[in-house]
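What follows is a set of notes on a single structure, which appears directly below.
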Amino acid sequence: NPWWQRVYGLTKRAVERWGDQVQVSHTDLGENLDILASLRDTQQLLMDLYDTPEEVARLLDELRQLWIRYYEELYAIIRLAGRGTSPWATIWSPRRCYMLQSDFSYMISPQMFERFVLPDIAACCEFLDHACYHLDGQGQIPHLDLLLSLESLDAIQWVPGSGNPPPEEWLPLLQRIRKAGKLCQLYVSPQGALTIV
């Protein structure tokens with residue numbers, strides 16, 4: 001694939017050029033249903049979940065294997081710099097880390113999330129040394145308990161979404177995440193941080 005070759009080549013050249021002077025990050029590899037939606041079209045994939053769920057599950061298994069393969073190929077380059085890893089989000093680890101997500105899950109029920117998304121997230125969490133999940137907006141809150149049930153998920157990044165109250169006004173949600181033993185990543189003002197404390 002020419003796009004994969006380009007990402008691979010740019011990552012390799014960045015590490016060769018700057019070595020341990022900068023943090024070269026993993027590209028945004030996307031996630032299961034988000035990738036499939038970009039290939040199938042969002043509306044078509046919503047229909048596929050009902051019309052051909054077994055085929056969707058088969059494709060998601062293939063995508064998961066490819067995701068892990070591509071992550072590993074980039075990791076093999078990035079680790080040479082000896083600066084750890086960082087994905088598209090502002091997190092860092094001395095080993096394998098990534099900010100997992102499923103924006104498509106905004107449009108599906110918790111039952112569908114459990115069937116089509118959770119197995120992928122769980123497998124990626126097991127593969128990674130430090131796994132975080134990008135909980136993007138109120139439409140993903142119904143899936144939170146399923147995510148919190150994953151032992152190998154280390155953290156939740158809570159982004160309330162445009163037009164919603166800032167993170168410091170979601171204290172019960174943040175407490176749920178912390179009581180489940182997960183870390184929270186938030187983007188707040190200094191006053192917002194004081195409110196949370």
- Task: Might you let me know whether the stretch 35-58 holds any residue that is open to solvent by less than 50 Å² (accessible area, probe 1.4 Å), closer than 22 Å to residue 154 by Cα and not β-branched (Val, Ile, Thr)?
- Result: no
- Message: Here's a check for you: in the stretch 59-77, which residue that is closer than 22 Å to residue 119 by Cα and in contact (Cβ under 8 Å) with a residue 24 or more places away in the chain is surrounded by the fewest Cβ atoms within 10 Å (Cβ to Cβ)?
- Response: 68
- Message: Within the stretch 124-137, take every residue that is in a helix (DSSP H, G or I) and touching a Phe, Trp or Tyr at 6+ places or on another chain (Cβ under 9 Å) and give me the one that is most open to solvent (accessible area, probe 1.4 Å).
- Response: 127
- The residue that is nearest to residue 148 (Cα to Cα), considering only those in the stretch 176-190 that are in contact with a helix residue (DSSP H, G or I) (Cβ under 8 Å, 6 or more places away or on another chain) and part of a helix (DSSP H, G or I), is 177
- Item | Given (1) closer than 24 Å to residue 136 by Cα; (2) at pLDDT below 95; (3) out of contact with any Cys (no Cβ under 8 Å at 6 or more places or on another chain), index of the condition residue 44 fails | (2)
- Which numbered condition trips up residue 80, out of (1) open to solvent by 20 Å² or more (accessible area, probe 1.4 Å); (2) among the hydrophobic types (A, V, I, L, M, F, W, C); (3) modelled with pLDDT under 95; (4) under 28 Å from residue 137 (Cα atoms)? (4)
- Tell me which residues, restricted to the stretch 9-62, are in contact with a helix residue (DSSP H, G or I) (Cβ under 8 Å, 6 or more places away or on another chain), part of a helix (DSSP H, G or I) and among the aliphatic types (A, V, I, L, M). 15, 33, 35, 36, 37, 45, 46, 49, 56, 57, 59, 60
- Message: Looking only at residues that are of a type in the set (Ser, Thr, Tyr) and under 13 Å from the mean Cα position of the chain (by Cα) in the stretch 104-146, which one is nearest to residue 167 (Cα to Cα)?
- Response: 133
- Message: Please determine whether any residue of the stretch 87-110 is open to solvent by 20 Å² or more (accessible area, probe 1.4 Å), of a type in the set (Gly, Ala, Ser) and either modelled with pLDDT under 95 or touching a helix residue (DSSP H, G or I) at 6+ places or on another chain (Cβ under 7 Å) (or both).
- Response: no
- Query: Is at least one residue of the stretch 71-93 assigned to a helix (DSSP H, G or I), of a type outside the set (Gly, Ala, Ser) and farther than 26 Å from residue 23 by Cα?
  - Reply: no
- Message: I need the full set of residues from the stretch 139-175 which are part of a helix (DSSP H, G or I), open to solvent by less than 30 Å² (accessible area, probe 1.4 Å), out of contact with any strand residue (DSSP E or B) (no Cβ under 6 Å at 6 or more places or on another chain) and within 17 Å of residue 102 (Cβ to Cβ), in order please.
- Response: 139, 140, 143, 144, 148
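The values are calculated or read from the model by the stated rules, or taken from the named source; none is laboratory data. Values in this document were obtained by computation on a predicted structure and should not be read as measured data. Glycine gets a Cβ as well: all are built from the backbone with ideal geometry, and neighbour counts include every protein chain shown. Surface areas here come from the heavy atoms of the whole protein model, side chains and all, with no ligands, DNA or RNA. Shrake-Rupley method; radii C 1.70, N 1.55, O 1.52, S 1.80 Å.
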